[in-house]
Each structure stands twice: as C-alpha cells, then as structure tokens.
Amino acid sequence: MKRTFSLIGFLIFTGCATTVLRTVDHAPDFQSGSIRRVLVVSLSQTPARRRVIEDEFVRQWQARGVTAVASYFALEKDTPLDKTHVAPLAKEQGFDTVLVARLIGRGKIDPHIPTWDFDTEISSAARALSKDYPVLVASPSYAPTYEQAVVITNVYNVATEKRIWSGTSQTLVIDSFPRLVRTYVKEILISLYQRS
C-alpha cells in the first residue's frame, strides 16, 4: 500500500507515466516489425484533439523509422471514420496498417469515496478496468478530485482487415492534454514493440 501512495505522489509531482495499459491482446502471429506504413485514426469528436493525438502517433512512429500518416491529412475532410470508408482508402494509398484510438469513457475519481462506491459515466466494460485508480489516488496527502480517461487502441492489418493488436489504457488526467497524449502514445508504442 505504501508503494502505491509513493507512486501516485511521483506521478502527480512529475506529470510522467500517467498512462497505464490495463489490457493488451494480439494475434498469435503478430510481429510489430511488419508495421511499415501506418494510417493513424483518432475518433475524437474534437478536431483539435484529434489532430494532437494523430500528430503525436505520427511523430513517435517516425522516430522509430516507421512511415505514419495522420488520417486528417490522408483522408478527405468529411470522410466517415468507419471501416467501410477507411479500409478501401487505406488499401488504395498503400498502408499496411491502420491504428484506431477511441475514448471509451471518462470519469471523476474522488479520493474520499471508497473503492466499492466509485462510479462514473464509463461503460460497464471500462468500469471494470477502473477498480485500481481510486486506491491509487486515495493518498492522505492529496484531497482533490481527479479524472481518468479510458482509451481503446486497435491496430488492424490492411490486407486482411483483421485486428492484430489491441490495448486498453487508463490515463490519469493531471496534466495538459498534449503532455497526456505524449505519455499515452509512448506507452502504447512501448507495449506494441515488445512483440518484435
């Protein structure tokens, strides 16, 4: 328990490592080295946030030597961001992979509420992932209410149109949006490339 409180204190003071991957799933034959040209799609409803998320994936993937392109740049402005519309365009433009990031829930964490009373507007699937966060932020040193965001990130093979990797992450919202996105993307790519 003491270690948990030290960890949350570290997170709050440094603003680092605010994202934790809760679930990771991948196809048995998935190899991250097969990702060479990826289309990055954020399903954020806010255009400015969509750009920040997609641009950060592009930046970090390019640092790894992978060609990555943001969907807002590669697709026509009003293209619906669903499989029916994106998959054929990804094939036409020569992408081998599509990454799709989608916020599935967001909710407040009150450190004064015991874990069993914790409730948010997060879907039931995401709520099951939330059980550890109230404990993490319940340090006696910190009284404010925190917020978390739960994001599911899926990676698809363009040729087969099948999902090859999936991760569900929780981000403690204690920093500016660009910094949170930077940490979230870093954690996703670290996990993705553990399978090389």
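The values are calculated or read from the model by the stated rules, or taken from the named source; none is laboratory data. Source: prediction; values computed, not measured. Virtual Cβ from ideal backbone geometry, glycine too; neighbours counted across all protein chains shown.
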_Unmet criterion (only one of (1) outside any helix (DSSP H, G or I); (2) of a type outside the set (Phe, Trp, Tyr); (3) at pLDDT below 95) for Arg179_ = (1)
*Criterion violated by Ser196 - all others in (1) modelled with pLDDT under 90; (2) part of a helix (DSSP H, G or I) satisfied*: (2)
_Just the residues that are outside any loop (DSSP other than H, G, I, E, B), under 16 Å from Ala101 (Cα atoms), in contact (Cβ under 8 Å) with a residue 24 or more places away in the chain and not aromatic (Phe, Trp, Tyr), please, taken from the stretch 37-58._
Val38, Leu39, Val40, Val41, Ser42, Pro47, Arg49, Val52, Ile53, Glu56
*Can you tell me which of Ile164, Ile174 is of a type in the set (A, V, I, L, M) and either closer than 22 Å to Gly105 by Cα or surrounded by fewer than 19 Cβ atoms within 10 Å (Cβ to Cβ) (or both)?*
Ile174
_I'd like the residue in the stretch 74-90 that is without any contact (Cβ under 8 Å) to a residue 12 or more places away in the chain and not in a loop (DSSP other than H, G, I, E, B) and, out of all such residues, is surrounded by the most Cβ atoms within 10 Å (Cβ to Cβ)._
His85
*asked:* Take His26 and tell me if it is surrounded by 15 or more Cβ atoms within 10 Å (Cβ to Cβ), within 19 Å of Arg163 (Cβ to Cβ) and not aliphatic (A, V, I, L, M).
replied: yes
*Subset of the stretch 143-187 [closer than 13 Å to Leu21 by Cβ, touching a helix residue (DSSP H, G or I) at 6+ places or on another chain (Cβ under 8 Å) and β-branched (Val, Ile, Thr)]*: Val150, Val151, Thr153, Thr168, Thr171, Val185
*asked:* I'd like the full set of residues that are within 20 Å of Ser169 (Cα to Cα), aliphatic (A, V, I, L, M) and modelled with pLDDT of 95 or more, limited to the stretch 61-115.
replied: Val98, Leu99, Val100, Ala101
*Is it true that Asp119 is within 26 Å of Gln45 (Cα to Cα), at pLDDT below 60 and over 20 Å from the mean Cα position of the chain (by Cα)?*
yes
*asked:* Go through (1) among the hydrophobic types (A, V, I, L, M, F, W, C); (2) in a helix (DSSP H, G or I); (3) under 17 Å from the mean Cα position of the chain (by Cα) for Leu99 and report which single condition fails.
replied: (2)
